[in-house]
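One structure is given here, and the rest of the page talks about it.
The values are calculated or read from the model by the stated rules, or taken from the named source; none is laboratory data. These numbers come from a predicted model, not from an experiment. Here the Cβ is made from the backbone with ideal geometry for all residues, glycine too, and neighbour counts use every protein chain on show. Note: accessible area is taken over every heavy atom of the protein model, side chains too, but ligands, DNA and RNA are not part of it. Shrake-Rupley method; radii C 1.70, N 1.55, O 1.52, S 1.80 Å.
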Amino acid sequence: MKLYIAVGTAVLLVMAIFIIVFVAYYQQKQIRQQLILKEWQEKYRKGLLAATLQAQEHERRRIAQDLHDEIGTMLSVTKLSLNQLGRTVEHNDPGSTVLVQKTRSLLDETIANVRRISRDLVPTTLERFGLVSALEELAEKASNGEVHVELSCSDKMPTLLPQLDLTLFRIAQELINNAIKHANAENIIIDLHCQPNGVLLSVIDDGRGFDLDEILKDKKRGLGLRNIESRLNVIDGHVTFDVEEGRGSRIHIQVKNLKPEVEVEVEAV
Amino acid sequence: MLDHPYISLILKYPDSFLPDLFLLLAIGAGLVNYSFLDRPSRWLFRMLVLSLVISLIQLHDAAYRQNNTYLHNLNSLVEMGCFAAAYRIELKARSNQVIVFTGLGIYLLVFLNDFSWTRIAGVTLGVERIVMIVYALLYFHYILARMQVQNLLIHSMFWVSAGAIVHAAGTLFVFLFVKVTLGDLSSNGSYALYITIVRTFSAFFYIILGFSFCIRRREFRLAERFTV
């Protein structure tokens with residue numbers, strides 16, 4: 001009997017130890033698999049996001065091209081015809097000359113608007129002269145009598161990957177737009193500085209600020225901020241919001257100037 | 001001085017104090033880490049404190065040569081109650097809680113039937129060990145199904161369950177066949193061997209419980225770091 005008890009106890013003990021080891025091993029294996037799956041999902045999500053952004057850029061480019069090549073050309077031809085019509089009207093019906101001049105100025109305004117929209121859609125300066133020049137142009141365009149936008153940057157900026165250039169430009173565009181439109185800022189500073197292996201872009205304004213948590217909670221608002229996060233996600237960038245209601249905002253974007261996992265194709269114009 | 005009942009008991013049976021020593025160490029570990037203990041761990045801590053109280057009464061009775069076997073049975077009831085409470089909190093799924101309560105119910109029925117003031121209720125203690133094994137297996141199944149624990153080796157309840165399953169497996173047959181194992185009190189009988197086995201496994205279980213309290217602090221800190 002005692003032998004049976006000893007053997008039974010030994011068997012039970014071996015089984016218990018086996019179960020413990022098996023549970024620990026199997027759980028660790030499952031966790032590793034879960035991590036791999038998460039990595040894959042993250043990679044897939046990034047790829048999808050990159051493809052969406054790429055499609056967005058393609059579409060902007062196509063619309064800009066259509067505006068420039070088709071509508072712009074049509075408007076130029078219309079202007080030529082109007083000029084001809086104007087000369088005929090001047091001889092036959094001098095009373096209508098004012099109307100023709102009014103139509104001509106409206107047409108000039110439309111042509112200028114189409115050019116502006118087309119230029120805004122595709123940042124040609126960015127592609128031709130780089131990020132600093134594009135940001136200078138952006139600051140210049142955004143500045144008017146009420147708003148003052150200033151760019152401050154390192155003397156020597158490293159050459160960034162085209163994808164990083166575009167992302168930083170679009171983010172700066174979004175933040176300046178937000179500062180003017182929503183925060184009623186009067187002074188905006190774009191600060192671009194290089195860091196070891198990366199770049200730090202800060203957009204600082206003296207507007208009325210905002211409650212970040214409240215905006216991110218509301219699904220209908222904060223689309224721009226979510227877009228910024230999505231764009232940075234693709235290039236493994238990082239955003240820090242130093243914001244509070246009533247005291248302006250400081251938004252810092254940090255990106256690494258390394259070859260990213262997901263590349264976004266940027267076409268030359 | 002040396003003929004004081006307590007001193008002579010210690011001198012006569014120094015080995016029997018081994019589990020009590022580890023019990024004290026486990027309580028010390030629990031006290032040091034008390035603020036980090038979650039609800040299941042606190043139930044296990046209560047179990048240790050109650051076990052210590054019972055053990056002290058047992059020692060007193062032994063020193064004054066009074067019957068103390070019923071205290072083994074009472075200790076089993078305390079262990080089972082606190083264990084069931086800890087697992088009821090830890091195993092959140094309703095089906096698991098039903099199993100926990102069923103296990104406790106079966107144990108209580110056996111306890112009421114088998115309880116005796118003058119002998120160790122072997123069947124009760126055996127059933128207690130079987131229910132402990134069931135709880136531990138249930139917990140293992142629960143963590144494998146949920147996959148919420150990142151690192152099992154620093155998860156306190158895993159160690160508690162591992163300790164419980166080893167302790168229960170090592171002492172199950174000793175109590176199920178209590179008449180054969182602990183029934184023969186003659187000098188050449190097997191009582192000394194089996195009681196040493198029981199004490200060794202109890203000491204091992206207390207070490208594991210103490211270790212789980214220390215692990216709990218680390219687990220708490222880790223969780224805090226991830227949630228900040």
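Quick look at the values:
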{"quantity": "Whether segment A:125-256 is rounded, prolate or oblate, judged on the alpha carbon gyration tensor where a/c under 1.5 counts as rounded", "calculated": "oblate"}
{"quantity": "Number of partner chain Cβ atoms within 10 Å, mean per residue of B:172-179", "calculated": "3"}
{"quantity": "On Cα atoms only, tilt of A:162-181 relative to the major axis of chain A in degrees", "calculated": "70"}
{"quantity": "Chain B: DSSP helices with Cα axial extent of at least 18 Å and average Kyte-Doolittle hydropathy no lower than -1.0", "calculated": "B:18-32, B:39-63, B:69-90, B:94-114, B:122-146, B:156-176, B:191-227"}
{"quantity": "Spin-label pair residue B:106/residue A:133, simplified geometry with 7 Å Cα→Cβ offset, distance in nm", "calculated": "8.2"}
{"quantity": "Solvent-accessible area of residue A:127 with every protein chain in place, 1.4 Å probe, in Å² to the nearest 10", "calculated": "60"}
{"quantity": "Of all accessible heavy-atom area on the protein assembly as shown, the percent that carbon and sulfur account for (1.4 Å)", "calculated": "60"}
{"quantity": "Segment A:1-122 - accessible surface per residue (Å², probe 1.4 Å)", "calculated": "71"}
{"quantity": "Which of B:22, B:101 is most accessible, then next, and so on - probe 1.4 Å", "calculated": "B:101, B:22"}
{"quantity": "Per-pair calculated FRET efficiency, R0 = 25 Å: residue B:92 and residue A:25 via Cβ, rounded to 0.05", "calculated": "0.55"}
{"quantity": "Degrees separating the helix A:2-66 axis from the principal Cα axis of chain A, which is the longest one", "calculated": "10"}
{"quantity": "Cross-link table A:46/B:92; A:38/B:92; A:220/A:256; B:92/B:179; A:38/A:181; A:46/A:256, entries beyond 28 Å C-alpha to C-alpha", "calculated": "A:46/B:92; A:220/A:256; B:92/B:179; A:38/A:181"}
{"quantity": "FRET efficiency, 1/(1 + (r/R0)^6) with R0 45 Å, evaluated for residue A:34 and residue A:13 via beta carbons", "calculated": "0.90"}
{"quantity": "Average beta carbon contacts from partner chains per residue of B:192-198, 10 Å cutoff", "calculated": "1"}
{"quantity": "Rounded to the nearest 10 Å², the accessible area of residue B:61 at probe 1.4 Å", "calculated": "10"}
{"quantity": "Filtered chymotrypsin sites (Phe, Trp or Tyr not before Pro), segment B:105-157: DSSP coil and at most 11 other beta carbons within 10 Å", "calculated": "B:117"}
{"quantity": "Folded to 0 to 90 degrees: helix A:97-121 orientation relative to chain A principal axis, Cα", "calculated": "20"}
{"quantity": "Rounded accessible area of residue A:181 (nearest 10 Å², 1.4 Å probe)", "calculated": "140"}
